[in-house]
Amino acid sequence: MFSLITFLLVSSVSLSIAQRDPLKEFCRIHGHQTSIVDRRLYIDGGLVNWSPLSAESINYTSTWLRYGDLDVDNEGFPQNYLLAKNESVPSVHGGVLWPDASNKIVYLYGGDYGNDKPEDFRLWYYDIVYDSWNMSNASTTDIRRAAWGGGVAVQDYGRGYYYGGWLTNASVPGYQPRTALKNMLVYDMVANTFRNQSGPDDIPRAEGVMIYLPVGDGGFLVYFGGIQFPYGNDTTAALPMTDIFLFDIANDNWYKQTASGTEIPGDRRRFCAGAAWADDRSSYNIYLYGGASVGDGVGYGDVWILSLPSFTWIKFYPTEADGFGDPYPHHSLTCDVIENSQMIIMGGSFPNHTDNCDVPSIYGQHGLDLGKANSEGAKWAKFDPNVTMYNVPTEIAQSIGGGASGGATVLAPTGGWAHRDLQAEFERPYTPTTRTPTRHIPTPTAATSSAAAGAGGSNKKTIIAGAVGGVVGGLLLVVAVAVICLCVRRRRRANDNDRRPPSELPSQPISNMAGPPVSTQHDSYLSPSVTAYSHTPQGSPKPPSDPAWSQYGPATPEYPRSPGIPDKSGVVHAHHRSLSDQSYNHSLQSSPVGYHDQPSRSPVGLAQELPNVRSPPAQEMPNVRSPLSVGIQPKPQAANIMGVDPYYAQHPPRGAGT
């Protein structure tokens, strides 16, 4: 027995030596998906870079799921921990995590595969209660996986929404040519069904953001930014930041409203955003950060606020009063608002900086205090778990009136409302809907009581239980180590297969180069043969009980674990189109030359990064191998620290580098 255990342990260690630790060796992450459930910030997939960095650094597919505990401090930000995920679960970038807070589940939709070998779409979900990944029994036969669209979940209704995005051969098996989408996919978490919802018009779009606001009868989805194909051909254009699309959830109507301001943010894509609102709901303020350029340039590192219902753009950072130099432009990052008061900005691809890691000791997290509630009244600050109220900052109040608790006096767009129904919705109070779990959720109290009862036994029972537990524990250890070895071998075998092309590929800048042919045919998230948009409801997800689910259970034990076109009035009426309707769908080549095995072409004068100062993009380039030997990782070296915000530029974490 001892010899067997020793052999298995040695084998496990030798097989794990080549594995990288995404927390201890953190350098950069971008293109990942995030969501918040209870007091945890979940981070899945994306692309990572290891130190040392250079213009030739490699993008590695992140195969990990982790979370930040909002109540455990690590140098002023949530401590991160790894969670269960193995090679059976898709590892993608440019997707979305839809949280179901009531049922303690996080759904993974969309995204590109790093090795250009996508599988047919199945809806995967992470079960928080059981720390396991499972496939939903929702019918997905005719659903396709899109990437880099605008995604958001609405907890009151238990729905996930995804507008626009790309269909490529990195998201759909054998898909050609690359196509941008014009409609919206809706997933009903309660009924466990998908349906296709028409978009605001017939123009395909991608790489913008979509935010949920609790406004009116049933809430609104707000979409802006990114790129579009408005001319019926493959010509790409920016979606002007003054064009704001709103979807009325209760009435299935789209509206388009024009925003204004003393200054308007530059056109951008692949940025992130989050929202907070005043106590009296007199203003809803959407904060955006960063992004890649649509035209020439290296991108953005600024913060802007879109305040509704005045639809006013307000520059928040940097301003003359900040006394700080040019910000660090970066894109393909995430923004998550906690308790309507603070926003954690994580990761991103840095076009103009190649040799700095993104504050590795805090895993690339940065804090934007939305109401400047910290003692210094600063915009950038450490995360404070005790801050749960939003104070409207003076930058907003100076533009729309009122004060810290609300009382805005500018309650309509400068140019007037595009439609009176939109105005009426913003004047109605929103009534939240209470959802209850559709499955049994164990309570911590029950677990604690059980443990307390067990502790009250006699010493004799305790000794016997200890002896039995020791034997059982030893056997479980042998089984656990054997499973570890098997999982590691399977992962290594899968990685070897993926080297045609490899998932670890030399980095290239996110650029706008002419690339593969672009579709001008009607397309959607549904396959052309489908005629129905919904499916028979299935039962709610259940905890894993069948042994077949064990392959999706906890893994990576070597890592730390935690205890229609608008009418003249401005309204866009929603309407369901049959799949025989024709419209135009096009695509922006936003990845390196040679993307998806296409020959390189000449530039078309759109966004390009400065030469010789490039960082890894949010796409991987196939068929170009790393100069490193296959299977060998670069030796870790001391990492430089990139302070994305003024606070960390001036106060680098202790012991994190220079």
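Considering the range 395-407, the residues that are within 32 Å of the chain's Cα centre (by Cα) and assigned to a loop (DSSP other than H, G, I, E, B) include one that is surrounded by the fewest Cβ atoms within 10 Å (Cβ to Cβ), namely S405. P240 fulfils the conditions (1) assigned to a strand (DSSP E or B); (2) surrounded by fewer than 24 Cβ atoms within 10 Å (Cβ to Cβ) except for a single criterion, (1). Counting just the residues of the range 46-65 that are outside any loop (DSSP other than H, G, I, E, B) and among the β-branched types (V, I, T), which one comes out surrounded by the most Cβ atoms within 10 Å (Cβ to Cβ)? The qualifying residue surrounded by the most Cβ atoms within 10 Å (Cβ to Cβ) is V48.
Would you please list the contacts, defined by Cβ atoms under 7 Å and residues six or more apart or on different chains, that run from a residue in the range 406-417 that is at positive phi to a residue that is in a loop (DSSP other than H, G, I, E, B) and exposed (fewer than 15 other Cβ atoms within 10 Å of the Cβ)? Going by the 7 Å Cβ cut-off, the qualifying pairs are G406/D279; G406/D280; G407/D280.
Of the residues that make up the range 30-37, is at least one at pLDDT 95 or above, over 30 Å from V129 (Cβ atoms), crowded, with 22+ Cβ neighbours inside 10 Å and of a type in the set (S, T, Y)? The answer is no, given that none of the residues of the range 30-37 is at pLDDT 95 or above, over 30 Å from V129 (Cβ atoms), crowded, with 22+ Cβ neighbours inside 10 Å and of a type in the set (S, T, Y). Exactly one residue out of V92, V72 is within 21 Å of L47 (Cβ to Cβ) and modelled with pLDDT of 95 or more: that is V92.
Can you confirm whether the range 249-266 contains a residue that is among the hydroxyl-bearing types (S, T, Y), assigned to a strand (DSSP E or B) and under 24 Å from the mean Cα position of the chain (by Cα)? So far as the range 249-266 goes, no, none of its residues is among the hydroxyl-bearing types (S, T, Y), assigned to a strand (DSSP E or B) and under 24 Å from the mean Cα position of the chain (by Cα). Given the criteria in contact with a helix residue (DSSP H, G or I) (Cβ under 8 Å, 6 or more places away or on another chain), at pLDDT 95 or above and closer than 22 Å to E339 by Cβ, does A397 qualify? When the stated conditions are applied, A397 does not pass them. When residues in the range 355-386 are screened for being on the phi < 0 side of the Ramachandran plot, of a type in the set (A, V, I, L, M, F, W, C), crowded, with 20+ Cβ neighbours inside 10 Å and in a loop (DSSP other than H, G, I, E, B), 4 of them pass. Per the conditions (1) under 18 Å from the mean Cα position of the chain (by Cα); (2) among the small types (G, A, S); (3) on the phi < 0 side of the Ramachandran plot, the sole criterion not satisfied by S139 is (1). Of all residues in the range 85-141, those satisfying the criterion of being assigned to a strand (DSSP E or B), in contact with a strand residue (DSSP E or B) (Cβ under 7 Å, 6 or more places away or on another chain), hydroxyl-bearing (S, T, Y) and closer than 21 Å to I441 by Cα are Y107, Y125, Y126. From the list G149, G68, G160, the one residue that fits, being under 25 Å from R439 (Cβ atoms) and crowded, with 23+ Cβ neighbours inside 10 Å, is G160.
The values are calculated or read from the model by the stated rules, or taken from the named source; none is laboratory data. Since this is a predicted model, take the numbers as computed values, not measurements. No Cβ is skipped: glycine too gets one built from the backbone with ideal geometry, and neighbour counts run over all protein chains shown.
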